[in-house]
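Just below is one structure, and these are the notes that go with it.
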Amino acid sequence: METEDDMCQNNWGSLSSSSKLEDGNQAFAGFTSQQKWEDAEILDYEMGIEKNLQAFDQMKPSSGQDNDNNNKNNNSTQANVDFLQGVKAQAWDPRTMLSNLSFMEQKIHELQDLVHLIVGRNGLVAQQQQQLITTDLTSIIIQLISTAGSLLPSVKHNMSSTAPGPYTGSAVFPCPREANNVASQSQNSNHQRGATQDFDLPKPIVVDERDSHVVEEHEMKDEDDAEEGVENLPPGSYEILQLEKEEILAPHTHFCTICGKGFKRDANLRMHMRGHGDEYKTPAALAKPNKEAVPGTEPMLIKRYSCPFPGCKRNKDHKKFQALKTILCVKNHYKRTHCDKSFTCSRCHTKKFSVIADLKTHEKHCGKNKWLCSCGTTFSRKDKLFGHIALFQGHTPAIPLEETKPSAQRGSSEGENNNTGMVGFNLGSATNADQETEQPGFMEEKISFEESFSPLSFDTCNFGGFHEFPRPMFDDSESSFQMLISSACGFSPRNGGGGSVSNTIL
Amino acid sequence: MKKAKEIHISEPFDLLSEELVFIILDLISENPSDLKSFSLTCKWFYQVEAKHRKSLKPLRPEYLPRLLSRYRKTADLDLTSCPRVTDYALSVLACLCGPWLRSLDLSRSASFSAAGLLRLAVKCVNLVEIDLSNSTDLSDAAAAVLAEATSLQRLKLGRCKLLTDMGIGCIAVGCRKLQLLCLKWCVGVGDLGVALLAVKCKDIRTLDLSFLPITGKCLHDILRLQHLEELLLEGCFGVDDDSLRSLRHDCKSLKKLDASSCQNLSQRGLTSLLSGAGCLQRLDLAHCSSVISLDFASSLKKVSTLQSIRLDGCSVTCDGLKAIGNYCNSLKEVSLSKCVSVTDEGLLSLVMKLKDLRKLDITCCRKLSGVVSITQIANSCPLLVSLKMESCSLVSREAFWSIGQKCGLLEELDLTDNEIDDEGLKSISSCQSLSSLKLGICLNITDKGLSYIGNGCSNLRELDLYRSVGITDIGISSIAQGCIQLETINISYCKDITDKSLVSLSRCSLVQTLECRGCPNITSQGLAPIAVGCKRLAKLDVKKCPNINDSGLLALAHFSQSLKQISVSETGVSEVGVVWLTKIGSLQNIAVVKTSGLSPSGVAAALLSCGGLRKAKLHASLRSLLPPSLIQHLEARGCAFLWKDNNTLQTELDPKYWKLQLEDIGP
């Protein structure tokens, strides 16, 4: 326990010092990526402090099931349990609080030094240095805030454990960023802890998360989607929340408490709030809520979401329930899977989407994929088209002439077949991951779902998408291959509508 | 004779079963005119002949509807004589032939498009073979249509330059039964299309990828084809050693590999290409960039069963030849044409090992000199069937004296531009089965030598006496007497030849090609007997025979109905004769390059009335005189024009002078 505190200190210290040394931009980038880290496993540590016994009981029977899902996880299930117990003891140790406080003190000193530095060099600071210092400042402040927040949960946990059940609050959605931030802290400490302590946390496998988003090439994007990742939580180790359909489809989630105006983003709300008076213009009011809101929420608790649609695999009543990770995931999942696709591409007038971000992503690429297969699938590269044709019996290149239009329509009518075709590429080895990693974050629920269940996805975190697959492996004359595709790949990648259907295959 | 026989049995045809008549027809079908007279005998014969005929080669697409409704069971349709085949013609053809049609040749036709091909593909479900070579405006859309012809086995797309991978991809997916595919000069087709072919068409036996911008990448897939027998990679500059490095294949079925002119393929790449092809029989490495040395030849170790090798234009070392002899001693054909570095020693060391050698080509191996080498070849290769040694000018006349005795099986002998004399010809005359003899520019031979040939080689079909100026009418007449099978004869620039030769040659009724360019003593009186006697005459060259005039052409117009190609440039013919020529229905190529005696209107009339004309070679001055609309019209009909200016090409009649010029240019 003392070691952990030391860890925290060392780690954070090193973080800030290293960011001092490094170029400002780099440090900043490193920081944000850390913030995006989110490890389901590590979150275990944060949660369950109250109800760990209950969780322990739940985990034991479920560990067998986990074997199927996650090798890494089931190796460490037992360790996890031990760890949870340790955490419980830790959380109530006043010495932890003390060391946290001293850590904060140290941080404040650091902050002071930094500010002195700025004052001392006033006017002489170069643009880059300025940036560097600002970055450093930001990181230290954030650390301070989150550490301060970690002092509180001990009180708060009682509340949450006594009030279980579906989370139905609408005004204040738990912001994923909080959890991430905490997760990044704990992950930092986790790295070193592994060496010193007798229990071992599962390795963070989410690090490659963004690589794994390559499954879908075109359609999906969302700036927040990077937060979506692999879920390998043992059942019961998290709290399941289920929002109602109306809440999911509500256009706004953040409402002004004064005038009632709704906003999609909290940041926009905060900007809006400035108009209501000077008290909303303070830096504290304008800062990201996770910094100040930590005391008000329970960062230690893992929340997972369930889709309200009965029978959906993302619904908690489903036999093989696979939780959704964030509110955004819920929204996108629900819209993609259970809603009408009301957004039609203005270029091809063929593709329809239910999530506007998907439409925008598609429109970016629409028309660029000039390599067309008779099944309606388009490719941006000729070799990909030919790989596709080599793979599937009966598909032929479509000659782009006046018959382009009909063939595209034919393709959409054969949507199901088409989709299966696309999925087939996920089987392939991943060699072109680098091309794909440039597009982080899309297809949240599908990614996580695919990764956690497909046995193939483990070692090759980055799917080659349909960029590369070894043609020699798949002889189109072999029917076994067709079987392989239909059985092993069970999600519908883009047209969303088929998603739930194919989900059930798994 | 036949007619007489048929008249006798005009009544009791009921006794004669159709099958029997079919057998008779099989036997007489070699000569088209026989079939014609047969079918004209009576209505029943007419019908039987129509039922029997399987292949058609119409001269004009306009006749197609009537022809095809008469010959209902046409399976092979050759449209090479029709320069213009429209979509309409194709759809008529498709409707009339329907499922009977198995093979269609459109290689010399143009102005059809995807629409016509679609009709064809849909209606002619049993179409097995189609030749679309030279359809330079054939697009991918047409290829996609072609993919509908799923039963297609043999497809030739040579020089379809607009085709891309997409079109080939369609064909690959649609025509799964393809066995032969020629993509020569389809420069738009790359690795992807070819690789897809290999994946989809598993039955491919022959694949011609010559001059395609492919790399070794697609060969990895190609060489996995289980039935691949012939692979032609001529001029594939993208195929290099690096792209073949990892090539591992086991293509036991491969029999023929053509890697000629693959400039970037050296020994390393070749070794990997040959590594799995253990049963290779024919290998073509002509014009390859590397020196055929000992090292290079070692890559042939793997293909010890090789029967034929072509090394034309390569630089060959003595050691290399020796090694080839050692590694591949079952070789039957060796071609070293234009390998200027071949020496007597190297050739000998190769030939000594090859007891089975049948064909040897040492054209232009100018370093060969000794009497010994040719004698040795003759001695060690008694089974030699074909020997081509054009321009081995250092080989002395004595070398040929024994060649006939040693190689009695010779069928083809090319001694153009050699020192052979009458004594040598006497020796050669003992080769009973000789069918092709080329004695061009052999200045030492005389009528005496030719008389030996005439007496001995009764099977001679082709004789070339180009610029062999020692020949006179006597020699030709002895040939005409002895070699009754003669089909092709060239007596160009034999200045002593007169009409008498032509009169004697008219006895050879099978003559199809007669070239007597530059014989000033030939007149129209000589041409008339040729026209009457040689009914099959298809090619006639009387260029630079100033004494030929319109009366000669009149005879041709009357009697030579199979004439396809004629050159009457620089003769005495006028527009009247040219107009007469247009009576010949099968005429395709005409060359009338002369300035005097031709009025533009006369030429225009001749060109217009010549329906099947493909190529017209005219004097450049006529170009501006003929109305442009006429030229456009003719070009639309499928006729190509070649405008020639006399002044640019001055050839001397004096053979000595000509030869001197050649030597100046030479080595």
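The values are calculated or read from the model by the stated rules, or taken from the named source; none is laboratory data. Since we're looking at a predicted model, the values are computed, not measured. In this analysis, Cβ positions are derived from the backbone assuming ideal geometry, glycine residues included, and neighbour counts consider all displayed protein chains. Just so you know, the surface numbers come from the protein's heavy atoms only, side chains and all, with ligands and any DNA or RNA stripped out. Shrake-Rupley method; radii C 1.70, N 1.55, O 1.52, S 1.80 Å.
Excluding ligands and nucleic acids, what accessible area in Å² is computed for B:Leu162 using a 1.4 Å probe, to the nearest 10?
Here the residue's solvent-accessible area equals roughly 100 Å².
Pull up all non-local amide H partners of B:Lys184: gap of 5 or more, or a different chain, and H-to-H distance under 5 Å with H placed in the peptide plane.
Here the answer is B:Leu157, B:Gly158, B:Arg159, B:Ser210, since their amide H atoms fall under 5 Å of that of B:Lys184.
Would you mind counting up the charge near B:Thr317? Only other residues with Cβ under 15 Å from its Cβ, with Lys and Arg at +1 and Asp and Glu at -1.
-2
Which entries in B:Lys388/B:Lys500; B:Lys200/B:Lys359; B:Lys156/B:Lys322; B:Lys332/B:Lys426; A:Lys382/B:Lys302; B:Lys57/B:Lys495 show an alpha-carbon gap greater than 29 Å?
Correct reply: B:Lys388/B:Lys500; B:Lys200/B:Lys359; B:Lys156/B:Lys322; A:Lys382/B:Lys302; B:Lys57/B:Lys495.
If you add up the charges near B:Pro32, with Lys and Arg at +1 and Asp and Glu at -1, over every other residue whose beta carbon is less than 11 angstrom from its beta carbon, what do you get? Numbers along the way, then the final one.
Numbers: positive: B:Lys36, B:Arg53, B:Lys57, B:Lys535, B:Arg536; negative: B:Glu30, B:Asp34.
Counting the neighbours of B:Pro32, the net charge comes to +3.
Could you report the buried accessible area between A and B, both sides summed, computed with a 1.4 Å probe and given in Å² to the nearest 100?
1400
Can you list residues from other chains, or at least 5 along the same chain, whose modelled amide H is less than 5 Å from the amide H of B:Ala110?
Sorted by chain and number, the residues that satisfy this are B:Arg84, B:Val85.
Using each residue's phi in the range B:554-562, evaluate 6.51 cos²θ - 1.76 cosθ + 1.60 at θ = phi - 60° and report the 3J(HN,Hα) Karplus result to the nearest Hz, with x for Gly and Pro.
Residue by residue, the range B:554-562 yields 4, 4, 4, 4, 7, 10, 8, 7, 9 Hz.
A 22 angstrom limit on the alpha carbon distance is what I want to check against. Which of B:Lys202/B:Lys252; A:Lys325/A:Lys351; A:Lys264/A:Lys331; A:Lys264/A:Lys335 exceed it?
Check vs 22 Å cut-off fails for A:Lys325/A:Lys351.
Given a 1.4 angstrom probe, I'd like the percentage of the accessible area of chain B that is carbon and sulfur, rounded to a whole number.
53
D for the range A:96-150, whole µm²/s, Stokes-Einstein with Kirkwood Rh over alpha-carbon pairs at 37 °C and 0.692 mPa s: what number? Don't skip to the answer; put the middle values down first.
Details: Rh = 12.0 Å.
In µm²/s, the coefficient rounds to 275.
Tell me, what is the 1.4 Å probe accessible area of B:Asp240, in Å² to the nearest 10?
50
Charges only on Cβ, +1 for Lys and Arg, -1 for Asp and Glu: so what's the dipole of chain B about the Cα centre, in debye to the nearest 20?
1420
So if I place +1 on the C-beta of Lys and Arg and -1 on the C-beta of Asp and Glu, and nothing else carries charge, what would the dipole magnitude of the range B:45-146 be about its Cα centre? I want it in debye, nearest 20. Provide the component values of the computation, followed by the final result.
Working: 14 positive and 10 negative charges, 119 e Å.
The dipole of the range B:45-146 has a size of about 580 debye.
Using the reciprocal of the averaged 1/r over all distinct C-alpha pairs, how large is the Kirkwood radius of chain B in Å? Don't skip to the answer; put the middle values down first.
Details: mean 1/r = 0.0360 Å⁻¹.
About 27.7 Å for chain B.
Once you have a ≥ b ≥ c as the square roots of the Cα gyration tensor eigenvalues for the range B:201-253, tell me rounded if a/c is under 1.5, and otherwise prolate or oblate according to whether a/b is larger than b/c.
oblate
Please give me the summed charge of the neighbours of B:Asp422: other residues whose Cβ is under 15 Å from its Cβ, Lys and Arg +1, Asp and Glu -1.
Around B:Asp422, the charge tally is -2.
Keeping every protein chain in place, order A:Lys341, B:Lys355, B:Lys426 by accessible area at 1.4 Å, biggest value first, i.e. largest first.
Values: A:Lys341 60, B:Lys355 120, B:Lys426 95 Å².
So the residues, ranked largest to smallest area, are B:Lys355, B:Lys426, A:Lys341.
Roughly how many debye, to the nearest 20, is the charge dipole of the range B:310-386 about its Cα centre, given +1 on each Lys and Arg Cβ, -1 on each Asp and Glu Cβ, and no other charges?
120
Give a residue-ordered list of calculated ³J(HN,Hα) values for the range B:283-294 (Karplus: 6.51 cos²θ - 1.76 cosθ + 1.60, θ = phi - 60°; whole Hz; x for Gly, Pro).
Once rounded to whole Hz, the list reads 10, 10, 10, 4, 6, 7, 7, 8, 6, 7, 9, 4.
What is the Cα coordinate range of the range B:437-566 on the first, second and third principal axes, sorted by size from largest, in whole angstrom?
36, 27, 20
Out of residues 5 or more away from A:Arg304 or on other chains, whose amide H comes under 5 Å of its own, with H placed 1.01 Å from N in the peptide plane?
A:Glu239, A:Ile240, A:Leu241
So how much accessible area does B:Thr136 have, in Å² to the nearest 10, using a 1.4 Å probe?
The value for B:Thr136 is about 60 Å².
For the range B:33-40, just list the computed ³J(HN,Hα) in residue order, Karplus coefficients 6.51, -1.76 and 1.60, θ = phi - 60°, integers in Hz, with x standing in for Gly and Pro.
With the stated coefficients, the range B:33-40 comes to 5, 4, 4, 4, 5, 4, 6, 7 Hz.
For the range B:494-553, what does the equivalent ellipsoid look like in terms of its semi-axes, each the square root of 5 times an eigenvalue of the Cα gyration tensor, given largest first in whole Å?
17, 11, 11
What whole-number value in Å² describes the accessible area per residue of chain B for a 1.4 Å probe?
41
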